[in-house]
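> For reference, the structure I am asking about is given below.
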Amino acid sequence: MSEGIQLEDEMRIIGSYADGKLLAGRIDNIGILLFNQPQKRNAINLEMWDGIAEALDLLEADREVRVVVHAGAGGKAFTSGNDISQFAARRNDADANVEFKRITGRGRNRMASFAKPSVACIQGFCLGGGLATALLADLRVAAADAMFGVPAARLGIAFGLDPMELLVQLVGPSRARLMLYTARRFTALEAQAMGLVDCVVEAQDAVRETLALARSIAENAPLSVLAARFAIGQVMKAPHERDIAAMDAFTRRCMNSADYREGRAAFAEKRKPQFTGE
């Protein structure tokens, strides 16, 4: 699988959860959400799902963090999804699944509602619930040797409504059927052709290229990026559900910002702008 630099070797840890199986970190103004259970292909247990919400609260509150990278430790898996070893005790029938979804839902909802842009760095396996987790990032960079799939049909379970909606939005209903009906694995290039990932890079360059993409986002005016993220989310809703007033408020905030003045000045002076998010 992938070789080259790994995020766990580059980042400064600022938060540890679920006995260290989930870490929050920083590299300059890039936040890191790291699934840190490589011996289990970074499977996410219930304690880690609780930690995800806390870690993202920490990264969202940090004003210096402008973009967050989601990744798995070890370079062999982004995450293989929910920890199946907990299924017998915590997800053994439909009633137990309701409670299981309630617990995992807090973390998933926090990933979906996270205000800052996010990029998934996908190395190795990205299957089932792992793919559902990757879909919660705004952008996805995949190592050339990454593998994708939804093996729900081989476990006798159903892919949830929320990840199903995201999957169909990205790849369309026909390709979603192909993935779910066959439960087969797809290469990174196949995933890119379907629209599942945005970039495919050499395996050894996955972390480096993901950080380069994150830095290119972080260098831009934070308010403009947040306004774009919010507007794209609104456009994806039905017209009657869109919050036009909030979109207008974002526009006014950008136009009145110090960053807008800095952008104009930098353009006139032919220099690189220095944005502060104000």
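> So which residues in the stretch 170-228 are over 23 Å from ARG66 (Cα atoms), touching a Gly at 6+ places or on another chain (Cβ under 7 Å) and among the β-branched types (Val, Ile, Thr)?
Passing the criteria: only VAL171.
> Moving on. Somewhere in the stretch 111-121, is a residue in the same structural domain as GLU190 (by TED's automatic domain parsing), under 15 Å from ALA43 (Cβ atoms) and touching a Ser or Thr at 6+ places or on another chain (Cβ under 7 Å)?
No - not one qualifying residue is present in the stretch 111-121.
> Considering only the stretch 31-39, I want to know if a residue exists there that is crowded, with 24+ Cβ neighbours inside 10 Å and either farther than 20 Å from ALA132 by Cα or not assigned by TED's automatic domain parsing to the domain that holds PRO151 (or both).
Taking every residue of the stretch 31-39 in turn, at least one turns out to be crowded, with 24+ Cβ neighbours inside 10 Å and either farther than 20 Å from ALA132 by Cα or not assigned by TED's automatic domain parsing to the domain that holds PRO151 (or both).
> Something else now. Right, ILE13: within 16 Å of the chain's Cα centre (by Cα) and either modelled with pLDDT of 95 or more or assigned to a strand (DSSP E or B) (or both) or not?
So ILE13 fails the test.
> Moving on to the next point. Only helices (runs of 4 or more DSSP H) wholly contained in the stretch 119-189 count here; list those with 1 or more residues that are more than 30 Å from ILE30 (Cβ to Cβ). First the steps, then the outcome.
Values: elements: 129-134, 152-155, 161-171, 173-182.
Helices (runs of 4 or more DSSP H) meeting the threshold: 152-155, 161-171, 173-182.
> For the structure I just gave you, tell me whether ALA193 is more than 20 Å from PHE114 (Cβ to Cβ) and buried (at least 16 other Cβ atoms within 10 Å of the Cβ).
Criteria not met by ALA193.
> Ok, one more. Does any residue of the stretch 228-239 turn out to be without any contact (Cβ under 8 Å) to a residue 24 or more places away in the chain, part of a helix (DSSP H, G or I) and in the same structural domain as SER118 (by TED's automatic domain parsing)? Can you show your working first?
We begin by selecting, within the stretch 228-239, every residue without any contact (Cβ under 8 Å) to a residue 24 or more places away in the chain; these are 228, 230-235, 237-239.
Checking which are part of a helix (DSSP H, G or I) leaves us with 228, 230-235, 239.
Next cut, in the same structural domain as SER118 (by TED's automatic domain parsing) only: none.
No, there is no match, as no residue in the stretch 228-239 is without any contact (Cβ under 8 Å) to a residue 24 or more places away in the chain, part of a helix (DSSP H, G or I) and in the same structural domain as SER118 (by TED's automatic domain parsing).
> Would you call VAL200 under 20 Å from the mean Cα position of the chain (by Cα), surrounded by 14 or more Cβ atoms within 10 Å (Cβ to Cβ) and without any contact (Cβ under 8 Å) to a residue 60 or more places away in the chain?
Judged against the criteria, VAL200 is a match.
> Take PHE275 and tell me if it is more than 23 Å from ASP162 (Cα to Cα), outside any helix (DSSP H, G or I) and among the aromatic types (Phe, Trp, Tyr).
Taking the combined requirement at face value, the residue satisfies it.
> Given (1) acidic (Asp, Glu); (2) closer than 16 Å to LEU127 by Cα; (3) not assigned by TED's automatic domain parsing to the domain that holds ARG102, identify the lone condition not met by GLU190.
(3)
> All but one of (1) in a helix (DSSP H, G or I); (2) free of Cβ contacts under 8 Å to residues at least 12 places away in the same chain hold for GLU209; which doesn't?
(2)
> Hey, another quick one. In the stretch 234-256, which residues are surrounded by 15 or more Cβ atoms within 10 Å (Cβ to Cβ) and within 20 Å of the chain's Cα centre (by Cα)?
Answer for the stretch 234-256, where residues must be surrounded by 15 or more Cβ atoms within 10 Å (Cβ to Cβ) and within 20 Å of the chain's Cα centre (by Cα): just GLN234.
> Turning to a different aspect of this structure: Just name the residue that is surrounded by the most Cβ atoms within 10 Å (Cβ to Cβ) out of those in the stretch 40-71 that are closer than 16 Å to ASP19 by Cα and small (Gly, Ala, Ser).
ALA55
> Could you tell me whether ASP83 is buried (at least 16 other Cβ atoms within 10 Å of the Cβ) and modelled with pLDDT under 80?
yes
The values are calculated or read from the model by the stated rules, or taken from the named source; none is laboratory data. Model, not experiment: these values are computed from the prediction. Note that we place each Cβ from the backbone using ideal geometry, even for glycine, and neighbour counts take in every protein chain shown.
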